[in-house]
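Here is the structure we will look at, set down as structure tokens.
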Amino acid sequence: MTSINQILTRQKQLETEAEDAYHAAVRRIADDKPLAEKKLFAILRDADRSADDLERDVQTLRQRKAWRQQLDSLPDLERRFQDEETALQQLCAEFEKLEREHEDRCLPHENEIRRLRQERLDISGVKQRLLNSVVDSRLLSQQKQVLAQRRLLVEQRHEQSQLIGRIASRVEYAEGDESKRAASRLKQEREKLAETDKQLAEMDERLLELAERMLEP
């Protein structure tokens, strides 16, 4: 004759098996692996669970998996943020270097000095906003290209200014046809200088436009 202890032990074993089967079914459904309808009903019956219980537990497990995936992706996001922050710091250093080079070349001109001071304030504001943003790498590449072109134009402008100074001296001391030719050449070089200034202004606007796009959400 079966003892009460044996019955209780068997009952406990069946309850444990039913509970294990239920949790296995929850994991399977959460992984989008459906069970046969009859088998699922039998599992719910043995575990004394309802369809609502099953739906709630499946949703809970899926949410936990989603959270786990998000946690697993954090190291990659942190590395990406660090890389972008490093690129941003390099860009800011290049900004500062260009500022110094620009000042050194243009100090003899008062108008240039005033403009550079304003540029320095504008760039400082842009630079501070950039430090608080994650920079789009494509915009960074475009900005570096514009900066390189701008540096060449600044060097070109410096050479043009020196050439104009030499031609102006020739106009002052030359006579006759030579003076006329020098005056004509001086006019041409001043027009080229004006065109260079125009291109520099356009590049400044382009740099500010790129900086504003970096700050867009």
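Here's the picture: charge each Lys and Arg Cβ at +1 and each Asp and Glu Cβ at -1 in the chain, and of 211, 116, 137 the one pushed furthest to the positive end of that dipole is 137.
Annotation: extensible slack from residue 93 through residue 194 equals 33.4 nm (criterion: 0.36 nm per residue apart, minus Cα-Cα distance). For segment 151-161, the Karplus equation 6.51 cos²θ - 1.76 cosθ + 1.60, evaluated at θ = phi - 60°, returns couplings of 4, 4, 5, 4, 5, 4, 5, 4, 5, 5, 4 Hz by residue, with Gly and Pro reported as x. Between residue 27 and residue 67, the modelled labels are 1.9 nm apart [label points 7 Å from Cα along Cα→Cβ].
Mean sequence separation of contacting Cα pairs (under 8 Å, at least six apart), scaled by the length of the chain, corresponds to a relative contact order of 17 percent.
Size check on the chain: the Cα extents along the three principal axes, sorted descending, read 137, 28, 19 Å.
Here, segment 140-217 has an Rg and a Dmax of 17.8, 65 Å when only alpha carbons are counted. Both radii were evaluated on the Cα set of segment 8-95; the Rg over Rh quotient, with Rh as the Kirkwood radius, amounts to 1.40.
Pairs from the list 65/127; 39/65; 97/198 with a Cα-Cα gap above 29 Å: 65/127. Quick check: Cα centre of segment 1-24 to Cα centre of segment 143-217, how many Å? Here the answer is 92 Å between Cα centres.
None of the figures in this text is laboratory data; all of them are computed from the coordinates on show. Since this is a predicted model, take the numbers as computed values, not measurements. Don't worry about glycine lacking a Cβ; one is built from the backbone with ideal geometry, like all the others, and counts go over all protein chains shown.
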